[in-house]
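All remarks here apply to the structure that follows.
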Amino acid sequence: MLREKTKQLTLFALVWFLCINWGLEIVIGMAFKGATGSWISKTAYVYLAKVWTINLLKLLAGILTLKWLGLNFRDLTSGKFGRKELAYSTAVVLLFLAVEIAYFGGSYSFQIIREFHYHLRISPNEWLAVLSLASEYVYYVIEIMMVNLLYVGALKIGGKRPAVLLPTFLWGFAHVLNIIIVPPIQAFLLGVYMMLFALLTYGLALKTRSLKVPIFIWLVTMAL
């Protein structure tokens, strides 16, 4: 029985890593790099094409995986979000906000503003920049839902420990794969940062039994 659970958990982890998250995004990124010559989108039109290709394929892969596990989208947002959950979530948000402020120093600004400036640079007009920015935040919503899927699937197959550890390493520390577009030390630090972020976030999800906690923490963090 234990061996069978281990096999199922390993298969699920591989499917998530390769077909829902990192593998999917890297393959799409490689395809667009081959077509445009750059990992980073140089125009809003390229960005929109790439991000919506990722969004739609990630959603499709997530839906198929949910069916495989016998789950549905409601399972990815289960639990309450009351005062206790808000207090815990806010503490995590403020902790990582303090880290970012310390890192950026006097040049710190809200992430959503930094992202908007990027979209303005690659867009011919403000309306397209707004659409491009909105599409990015749709991506963030889908991303955290898919990480919640990793948590829920691991919890169902393997129990509490894998439910926290899989998001911590397969999503959090796996951000080191950004070495494709950033220097090695920066990619490693990002991996460590996101590993700690995922550990705290999904440790709280387990403690509060609420998947609204990761959604709140992630989306607020991505705005601040």
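For the stretch 59-99, which trypsin sites (Lys or Arg not before Pro) are both in a DSSP coil and crowded by at most 16 other Cβ atoms within 10 Å?
Lys80
What ³J(HN,Hα) values, in whole Hz, does the Karplus curve 6.51 cos²θ - 1.76 cosθ + 1.60 give for the stretch 3-8 when θ = phi - 60°, with x put for Gly and Pro?
5, 5, 4, 4, 4, 5
Just grab the label-to-label distance for Met30 and Ala87, each label 7 Å out from Cα along the Cβ direction, in nm (one decimal).
Between Met30 and Ala87, the label points sit 4.9 nm apart.
What residues qualify as long-range amide H neighbours of Ser78, i.e. H under 5 Å apart, gap of 5 or more or another chain, H built at 1.01 Å from N?
Leu211
So which residue, out of Ala134, Ala163, Ala205, gets the largest mean-square fluctuation from a GNM of the chain using Cα contacts under 10 Å as springs?
Ala134
Could you run the Karplus curve 6.51 cos²θ - 1.76 cosθ + 1.60 with θ = phi - 60° over the stretch 170-182 and give me ³J(HN,Hα) per residue in whole Hz, x for Gly and Pro?
3J(HN,Hα) across the stretch 170-182, in whole Hz: 6, 10, x, 5, 5, 5, 4, 5, 5, 4, 4, 10, 10.
Cα centroids of the stretch 85-113 and the stretch 141-182: how far apart, whole angstrom?
Going from one Cα centre to the other spans 21 Å.
Just to be sure I understand the model, the point goes 7 Å from the Cα along the line to the Cβ. What's the resulting His117 to Glu100 distance in nm?
It works out to 1.4 nm between the two label points.
With the contact rule set at Cα under 8 Å and sequence spacing of 6 or more, what percent relative contact order holds for the chain?
Once normalised by length, the contact order is 28 percent.
What ³J(HN,Hα) values, in whole Hz, does the Karplus curve 6.51 cos²θ - 1.76 cosθ + 1.60 give for the stretch 154-162 when θ = phi - 60°, with x put for Gly and Pro?
Once θ is set to phi - 60°, the couplings for the stretch 154-162 become 5, 5, 5, 7, x, x, 5, 4, x Hz.
Looking only at the stretch 161-179, which residues have a backbone nitrogen under 20 Å from a spot 7 Å from the Cα of Arg3 in the C-beta direction?
Inside the label zone: nothing.
In nm, to one decimal, how far is the Leu71 label point from the Arg209 one, both placed 7 Å along Cα→Cβ?
In this crude spin-label approximation the distance works out to 1.7 nm.
With a probe of 1.4 Å, find how much accessible area the stretch 1-223 has per residue, and write the answer as a whole number in Å².
Result: 53 Å² per residue.
What percentage of the solvent-accessible surface of the chain, computed with a 1.4 Å probe over protein heavy atoms, is contributed by carbon and sulfur atoms?
The value for the chain is 72 percent carbon and sulfur by accessible area.
Determine the dipole magnitude for the stretch 1-223: charges of +1 sit on the beta-carbon of Lys and Arg, -1 on that of Asp and Glu, nothing else is charged, the reference point is the Cα centre, and the result goes in debye to the nearest 20.
760 debye
Can you tell me which of Ala13, Ala98, Ala198 moves the most in a GNM of the chain? Springs connect C-alpha atoms under 10 Å apart.
Ala98
Lys80 to Trp22: FRET efficiency via 1/(1 + (r/R0)^6), r the Cβ-Cβ distance, R0 25 Å, to the nearest 0.05? All intermediate terms of the calculation are to be shown ahead of the outcome.
On the way: r = 31 Å, r/R0 = 1.25.
Rounded to the nearest 0.05, the efficiency is 0.20.
Count charges around Ser78 for me, please; just the other residues with Cβ under 10 Å from its Cβ, Lys/Arg as +1, Asp/Glu as -1.
Its environment carries a net charge of +3.
The values are calculated or read from the model by the stated rules, or taken from the named source; none is laboratory data. It should be emphasised that the depicted structure is a prediction, and the values quoted were computed from it without experimental measurement. Using ideal geometry, Cβ is built from the backbone for each residue, glycine included, and neighbour counts are taken over all protein chains shown. Side chains are part of the model used for accessible areas, which takes the heavy atoms of the whole protein and leaves out ligands, DNA and RNA. Shrake-Rupley method; radii C 1.70, N 1.55, O 1.52, S 1.80 Å.
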